[in-house]
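The values are calculated or read from the model by the stated rules, or taken from the named source; none is laboratory data. Because the structure is a prediction, the values reported are computed rather than measured. Cβ atoms come from the backbone with ideal geometry, glycine included; neighbour counts cover every protein chain shown.
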Amino acid sequence: MLKLGEKGAIPQNDNETYAIAPHIPCGVVTPELLRKIADVAERYNAKAIKLTGATRMAIVGLKEEDIDGAWEDLELGKGAAVGLCVRSVRACPGTTFCKLGKQDALGMGMKLDEKYHAYELPGKFKMAVSGCKLSCSESWVRDIGLIGHPQGWTLVIGGNVGMQPRIAQHLVEGLDDAQAMAACETVIATYQENAKKGERLGKTIERIGLAPFKDALND
């Protein structure tokens with residue numbers, strides 16, 4: 001029998017109800033999906049539907065006995081909202097919708113999300129893709145951030161928000177899509193090799209420096 005955490009159930013402050021957050025890659029929804037989420041929330045008397053900072057839609061205030069039924073009715077995967085893993089990837093509209101976009105942030109975000117969502121790592125890990133230097137997806141405060149420029153992607157690493165916020169550090173620029181994906185893979189592999197359990201990428205960089213990441217890219 002699965003534990004509540006394995007069911008994607010997040011305890012609420014009343015100590016009686018739970019929230020669930022289905023996985024919605026890069027926050028892109030259809031009218032049909034919106035209706036389904038609303039129907040499930042209504043069917044199980046949820047207290048709210050909350051748009052989260054990770055561009056998910058959390059159904060808040062479910063009773064424990066309704067969690068399995070809600071997931072079955074949603075027919076969606078669970079969003080990686082807790083644990084030492086890659087969380088949902090954030091992406092702005094990029095060139096798909098925004099006139100300011102310089103690179104295809106949604107396309108890149110979808111590729112990263114498909115490959116890495118819920119991927120287990122030494123610590124919590126967040127990724128964001130911004131289609132231009134305005135960085136609407138907040139790439140500068142994510143473990144891995146990609147920022148679109150006319151000449152390609154800039155990769156910044158080691159940022160985070162929280163109790164000890166940290167701005168990411170510039171690693172490399174001028175990457176095409178394939179190079180950006182490969183660079184992200186290299187950064188993640190280097191982090192896996194060097195991080196202590198529970199340590200965010202920024203803390204690993206503070207301990208060992210940027211050199212191992214730059215060397216790995218050069219190799």
- request: Count, please, the residues in segment 172-219 that happen to be at pLDDT below 95 and under 27 Å from Asp104 (Cβ atoms).
  value: 1
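Go through segment 57-84 residue by residue and tally those that are assigned to a loop (DSSP other than H, G, I, E, B), under 25 Å from Ile188 (Cβ atoms) and of a type outside the set (Gly, Ala, Ser).
Residues meeting the conditions: 2.
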message: With the structure loaded, tell me whether Lys115 is out of contact with any Cys (no Cβ under 7 Å at 6 or more places or on another chain) and farther than 30 Å from Asn13 by Cβ or whether it fails that test.
response: yes
message: Being in a strand (DSSP E or B), in contact (Cβ under 8 Å) with a residue 24 or more places away in the chain and surrounded by 21 or more Cβ atoms within 10 Å (Cβ to Cβ) narrows it down to one residue among Gly148, Gly202; which is it?
response: Gly148
query: Taking segment 184-198, which residues are in contact (Cβ under 8 Å) with a residue 40 or more places away in the chain and more than 17 Å from Tyr116 (Cβ to Cβ)?
result: Lys196, Lys197, Gly198
field: Conditions (1) small (Gly, Ala, Ser); (2) touching a residue at least 40 places away in the same chain (Cβ under 8 Å); (3) under 30 Å from Ile147 (Cα atoms); number of the one not met by Gly53
entry: (2)
message: For a quick check of your reading of the model, give me the residue pairs whose first member lies in segment 85-108 and is outside any loop (DSSP other than H, G, I, E, B) and crowded, with 20+ Cβ neighbours inside 10 Å, whose second is among the acidic types (Asp, Glu) and at pLDDT 95 or above, with beta-carbon atoms closer than 6 Å and at least 6 apart or on different chains.
response: Gly94/Asp104
- prompt: In segment 24-48, how many are surrounded by 17 or more Cβ atoms within 10 Å (Cβ to Cβ), out of contact with any helix residue (DSSP H, G or I) (no Cβ under 7 Å at 6 or more places or on another chain) and of a type outside the set (Val, Ile, Thr)?
  reply: 3
- line: In segment 151-167, anything within 14 Å of Arg200 (Cβ to Cβ) and part of a loop (DSSP other than H, G, I, E, B) is listed as Gly158, Gly159, Val161, Gly162, Met163, Gln164, Pro165, Ile167
- request: State which residue pairs qualify: first residue at positive phi and part of a loop (DSSP other than H, G, I, E, B) and inside segment 168-183, second residue aliphatic (A, V, I, L, M) and loosely packed, with under 15 Cβ neighbours inside 10 Å in any location, beta carbons under 8 Å apart, and separation of 6 or more residues or different chains.
  value: none
